Amino acid sequence: MGRSLPHSLEAEEYLLSCCLLDGPDVISRCLEARIKPESFYDPKHGVIFGCLLDLYNRQTPIEVSIVAEELKTARQLDAVGGYAFLAQVSSRIPTTAQATYFIERVREQSLLREIIRSATGAVEDCYNFSGGIDEFVDQVEQRIFSVTQNRVSESVKQMREPTREAMNVITKMMMKKGELTGVASGFRDLDALMWGFQRQEMIVLAARPSMGKTSLALNFAEAAAMPKKGGTPVATLVFSLEMSAAQLALRMLCSRARVNMKLLRDGLLSKNGEEQNRLVETADEFSKASIFIDDSSALSIMQLRAKARRLHARSPLGLIIVDYLQLLSPVDSKVPREQQVAEASRGLKSLAKELDVPVIVLSQLNRSSEKENRIPKLADLRESGSIEQDADVVLMLARPRDADEKFQVAADSAELIVAKQRNGPVGELRLTFLRDITRFENFHQ
């Protein structure tokens, strides 16, 4: 081996020279680029930059004499080469015109060293591995991702940037009433209530079994990736822990082509007929759409997040759907079930924020609403109260309160309840359910 870590001592000295020439401006640009004392390869350069940061934060004038005095007080002046070295550094360049280049150069070399350290640490951890492979892989992946995330994102933002983003949204709302600010759901009334599925939000779609959760989620995926004219398509990733990718594809094809799946399975559709032509045309549409399906079974939240990260790095996603929460495998099977679900719920909310996309999570409801013959409420979310806490939006799919007992066989409508919405109103709306093609549509009287 014997190779030294990437560095550029000249760039480091030039950058320090720029800081000494025009402290407040250059140091503020260093902070924006996430330059810190540890970003310097030469320890004495890091010590000097740390002193400059301290003076900047105290709003003390930045001059060579003051820096020297501060280092002397801290008993670090001799360690950095004394006053002579400070004077030498301060006179390296006559102007700060190239400061941006030196900032980028120092940041680049620091990032390379961080990647090398993280990768080397991962190799050492592999040799010392002692069990829990899924958790270990997730930790390694997060360590590498933290380096690349630090390259482009800032968790703490000055109010100026969020305010600008908010004003852009407000302007759109004022100029074009009802324009979506998120991913279209495909349903008029729901979009009017939510303005689309918003980035970084975790949306829970809950219902009792056989109410059509998966069908509605697939309709959401279709609307996002294959919007109507004028809409912007977004790449959509569906995690199906219950059904195979082939089963989902069959349902989506029949639904969009409006072909009765039962008649298709019974062989009662005519060959080379209208239905077959529609299926072929629809298959061509889907083959061009950015819809990705992962039908892995026994998937843990850490594995799910790793898969989503990798796909997002190759093809930026606009929507993620998970069908469904309670089927995710626990990281630790020894902890109580409620804690397992809570961990998965928190992981999905973190994923939404990390990838900056809406994440729709399907969830089961308990039997309380059926036993008490009432519409579902937040307390009916199954197995963990943390789902209610983590979710930004909770949608509940149920039969209308005035439906008869044959609803699950013959009814053609369903009630979608927006039970929680952090940034908007709650309410109830109706959808039309076309049972023969397992498709939800806007409600028509």
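Just one of the listed residues (A192, A184) is within 28 Å of S290 (Cα to Cα), in contact with a Pro (Cβ under 8 Å, 6 or more places away or on another chain), at pLDDT 80 or above and of a type in the set (G, A, S), and it is A184. In the set E135, E141, only one residue is at pLDDT below 75, in a helix (DSSP H, G or I) and surrounded by fewer than 15 Cβ atoms within 10 Å (Cβ to Cβ); that residue is E135.
Criterion applied to V394, V409 was being modelled with pLDDT of 80 or more and either under 23 Å from Q326 (Cα atoms) or among the hydrophobic types (A, V, I, L, M, F, W, C) (or both), and the one residue passing it is V394. Among the residues of the range 98-118, just one is modelled with pLDDT under 85 and surrounded by fewer than 14 Cβ atoms within 10 Å (Cβ to Cβ), namely R117. Being surrounded by 19 or more Cβ atoms within 10 Å (Cβ to Cβ), β-branched (V, I, T), touching a residue at least 40 places away in the same chain (Cβ under 8 Å) and assigned to a strand (DSSP E or B) is the requirement here; does V322 meet it? Taking the combined requirement at face value, the residue satisfies it. Whether a residue is assigned by TED's automatic domain parsing to the domain that holds Q142, touching a residue at least 12 places away in the same chain (Cβ under 8 Å), under 30 Å from V137 (Cβ atoms) and under 35 Å from the mean Cα position of the chain (by Cα) was assessed, and I116 passes this test.
So for the range 250-262 (the condition being in the same structural domain as W195 (by TED's automatic domain parsing), of a type in the set (G, A, S) and modelled with pLDDT under 80), does at least one residue qualify? Checking the range 250-262: not a single residue is in the same structural domain as W195 (by TED's automatic domain parsing), of a type in the set (G, A, S) and modelled with pLDDT under 80. Being touching a helix residue (DSSP H, G or I) at 6+ places or on another chain (Cβ under 6 Å), in the same structural domain as D284 (by TED's automatic domain parsing) and over 21 Å from F286 (Cβ atoms) is the requirement here; does A192 meet it? No: the conditions fail for A192.
Taking the condition more than 22 Å from K44 (Cα to Cα) and either free of Cβ contacts under 8 Å to residues at least 12 places away in the same chain or in contact with a helix residue (DSSP H, G or I) (Cβ under 6 Å, 6 or more places away or on another chain) (or both), does S90 pass? Answer is no for this residue. Can you find a residue in the range 70-89 that is within 15 Å of F102 (Cβ to Cβ), at pLDDT below 90 and assigned to a helix (DSSP H, G or I)? Yes: the range 70-89 contains one or more residues that are within 15 Å of F102 (Cβ to Cβ), at pLDDT below 90 and assigned to a helix (DSSP H, G or I). Mind checking whether some residue in the range 291-298 is at pLDDT below 85 and more than 30 Å from N366 (Cβ to Cβ)? No, the range 291-298 has no match at all. Each residue in the range 19-58 was checked for being farther than 17 Å from A84 by Cα, more than 37 Å from the chain's Cα centre (by Cα) and in contact (Cβ under 8 Å) with a residue 60 or more places away in the chain, and 1 pass.
Residue pairs whose Cβ atoms lie under 6 Å apart, separated by 6 or more positions or on different chains, with the first residue in the range 277-292 and crowded, with 17+ Cβ neighbours inside 10 Å and the second in a strand (DSSP E or B) and of a type outside the set (D, E, K, R), are I291/T236; F292/L237. Per the conditions (1) outside any helix (DSSP H, G or I); (2) in contact (Cβ under 8 Å) with a residue 40 or more places away in the chain, the sole criterion not satisfied by A97 is (2).
Taking the criterion of being at pLDDT 90 or above and exposed (fewer than 13 other Cβ atoms within 10 Å of the Cβ), the only residue of the range 39-64 that qualifies is P43.
The values are calculated or read from the model by the stated rules, or taken from the named source; none is laboratory data. All of these numbers come straight from a predicted model, not from anything done at the bench. Methodologically, a virtual Cβ is constructed for each residue, glycine included, from the backbone with ideal geometry; neighbour enumeration extends over all protein chains shown.
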